[in-house]
């Protein structure tokens, strides 16, 4: 507990089991708030949502065997989205374990830690009681050191009651932000200075480094448009003269990539979901700035790689590049692009445009929106422009359905602003039992469910293929009545227009959990693969 308290986290999420009751007893005496969930996957999702919203460590606690295994889908999402989540799971007692033999003890697995190996940065097994505090401190430091990712700690249950030294172990200090190599920096600056049409593409690594100020300064000095990935939304505020307030999945924004003679990619791996399956051509010159060199070069080979902290690297480049004119002209152009995209959507997708407008009108600037893998979530992921970073959570990542509601519980407890989760009727049922958690813990989350009677995205895919609707039309409950049975205030509206927006404003004024159900059906947005314009152009 002392090691966990030293991380600065003030909430932990978990589910008790016979093997970890000692942990719960100790947490009961700790200033860390322990939130008991109804399924272990929700514990890991909530820890992920807490980490995304707060920028610090998320903590999930589970019992042995199936309890630990139940977290894997959520830990995989945190891994792919590079979130610092610490999973602490018990294992069978040391007195029971025999190497190489499965004896059939309660919850025993042959190698529990091995299940986590593909989705964590490190898996640490504790071998003695006195190792537990230092192991937790080391795990937290690993998770929080860039590139951030989850870490797993495994503790045989009998060690929780063993004798150990009192006091908090030292939490290893993270290394200082890495500066770029001077030779590589000089080469990168020369390429930027020689470019006539530079473009900046920034991702989640820039958020982890708190690099918004440096990003804005550099973009303004070189008069370059800035495209932000899903994870990087809010790094530049709405109305910034360089911000392109639309995704590269629409032709108007994709044209900026196509015409650029140099792209500066900051804290991003240029993944398939953002580049339309890597259909975007490699730019004539590519400079990558990333704390993880392998990540920076795995999809598009850079001409220059700056292996450095994004904030430090951006400031270094900004100090050295020549300042060029044209910022006013650029501001006019990116504003015109944003207006053209929104005007086009009002014609092609009026219901989705209503959703975006209603969310913009109802949400305060510090609101956190947590999206699920659902059509309304895809629209918000593609076209919402938050005022600040860490205000939009989107599951790509792994793309795990059912994540938003439990992630939203963690985001709401991060104390960084009012939180709204957005789910479809199918995904919400993955974790609807957490309505009990929300009610019992009085978690002030507004959960939005857009009910179209099934898996709308899959129904769209089947229609495109001419397939019958098999497995996609769902029997769903009366969601408002379901929430009411837990004592959670709920409301149902039709559509996603002004009535929905007014209801959302009312819910956000409540300092308690609530559910808002909207009966509506949307077409998928251009940032989903069936509508990728480059794929269509290439005959795919």
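The values are calculated or read from the model by the stated rules, or taken from the named source; none is laboratory data. Quantities reported herein were computed from a predicted structural model and do not represent experimental measurements. Don't worry about glycine lacking a Cβ; one is built from the backbone with ideal geometry, like all the others, and counts go over all protein chains shown.
Of note:
- Hits in the range 97-125 (condition: assigned to a loop (DSSP other than H, G, I, E, B) and without any contact (Cβ under 8 Å) to a residue 40 or more places away in the chain): 99, 100, 102, 103, 104, 105, 110, 111
- Against the criterion of being surrounded by 14 or more Cβ atoms within 10 Å (Cβ to Cβ), modelled with pLDDT under 95 and more than 30 Å from residue 22 (Cβ to Cβ), residue 164 does not qualify.
- Extreme residue, surrounded by the most Cβ atoms within 10 Å (Cβ to Cβ), among residues of the range 315-367 that are under 28 Å from the mean Cα position of the chain (by Cα) and assigned to a loop (DSSP other than H, G, I, E, B): 363
- Unmet criterion (only one of (1) within 15 Å of residue 434 (Cα to Cα); (2) more than 18 Å from the chain's Cα centre (by Cα); (3) touching a residue at least 40 places away in the same chain (Cβ under 8 Å)) for residue 40: (3)
- Residue 188 vs. criteria over 22 Å from the mean Cα position of the chain (by Cα) and either surrounded by fewer than 19 Cβ atoms within 10 Å (Cβ to Cβ) or farther than 24 Å from residue 308 by Cβ (or both): no
- Scan of the range 58-69 for residues that are out of contact with any strand residue (DSSP E or B) (no Cβ under 7 Å at 6 or more places or on another chain) and assigned to a loop (DSSP other than H, G, I, E, B), ordered by number: 65
- Residues in the range 58-67 that are farther than 18 Å from residue 370 by Cα and touching a residue at least 60 places away in the same chain (Cβ under 8 Å): 64 alone.
- Whichever residue in the range 11-21 is in contact with a strand residue (DSSP E or B) (Cβ under 6 Å, 6 or more places away or on another chain) and either free of Cβ contacts under 8 Å to residues at least 12 places away in the same chain or in a loop (DSSP other than H, G, I, E, B) (or both) and, among such residues, is surrounded by the most Cβ atoms within 10 Å (Cβ to Cβ): 19
- Test result for residue 148, within 25 Å of the chain's Cα centre (by Cα) and part of a helix (DSSP H, G or I): no
- Of all residues in the range 211-228, those satisfying the criterion of being outside any helix (DSSP H, G or I) and crowded, with 22+ Cβ neighbours inside 10 Å are 211, 224, 225, 226, 227, 228.
- Residue count for the range 274-294, restricted to those that are touching a helix residue (DSSP H, G or I) at 6+ places or on another chain (Cβ under 8 Å) and either without any contact (Cβ under 8 Å) to a residue 12 or more places away in the chain or closer than 22 Å to residue 148 by Cβ (or both): 6
- Residue within the range 164-179 that is touching a strand residue (DSSP E or B) at 6+ places or on another chain (Cβ under 8 Å) and either assigned to a loop (DSSP other than H, G, I, E, B) or outside the structural domain of residue 59 (by TED's automatic domain parsing) (or both) present: yes
- Criterion applied to 214, 254 was being assigned by TED's automatic domain parsing to the domain that holds residue 321 and either more than 18 Å from residue 332 (Cα to Cα) or free of Cβ contacts under 8 Å to residues at least 40 places away in the same chain (or both), and the one residue passing it is 214.
- Near pairs, Cβ below 6 angstrom, 6+ apart or cross-chain, from the range 127-153 (closer than 17 Å to residue 55 by Cα) to any residue that is assigned to a helix (DSSP H, G or I): 148/208; 149/79; 150/75; 150/78; 150/79; 151/139; 151/142; 151/143
- Top-ranked residue in the range 424-454 [being more than 23 Å from residue 71 (Cα to Cα) and over 22 Å from the mean Cα position of the chain (by Cα); ranked as surrounded by the fewest Cβ atoms within 10 Å (Cβ to Cβ)]: 442
- Of the set (1) touching a helix residue (DSSP H, G or I) at 6+ places or on another chain (Cβ under 6 Å); (2) within 26 Å of residue 509 (Cβ to Cβ), all apply to residue 480 but (1).
- Every residue from the range 456-468 that is farther than 15 Å from residue 520 by Cβ and in contact (Cβ under 8 Å) with a residue 12 or more places away in the chain: 458, 461, 464
- Flag not set for residue 530, criterion: within 27 Å of the chain's Cα centre (by Cα), under 22 Å from residue 272 (Cβ atoms) and part of a loop (DSSP other than H, G, I, E, B).
- The number of residues in the range 125-148 being crowded, with 19+ Cβ neighbours inside 10 Å and touching a strand residue (DSSP E or B) at 6+ places or on another chain (Cβ under 8 Å) comes to 9.
- Selection from the range 22-57 of residues that are within 17 Å of residue 89 (Cβ to Cβ) and in a loop (DSSP other than H, G, I, E, B): 37, 39, 57
Condition check ((1) in the same structural domain as residue 136 (by TED's automatic domain parsing); (2) free of Cβ contacts under 8 Å to residues at least 60 places away in the same chain; (3) surrounded by fewer than 21 Cβ atoms within 10 Å (Cβ to Cβ); (4) at positive phi) across all residues:
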position	(1), (2), (3), (4)
8	yes, yes, yes, yes
34	yes, yes, yes, no
80	yes, no, yes, no
91	yes, no, no, no
95	yes, no, yes, no
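- For the range 496-522, a residue qualifies if it is over 19 Å from residue 443 (Cα atoms), touching a residue at least 40 places away in the same chain (Cβ under 8 Å) and touching a strand residue (DSSP E or B) at 6+ places or on another chain (Cβ under 7 Å), and the qualifying residues are 496, 500, 518, 519, 520.
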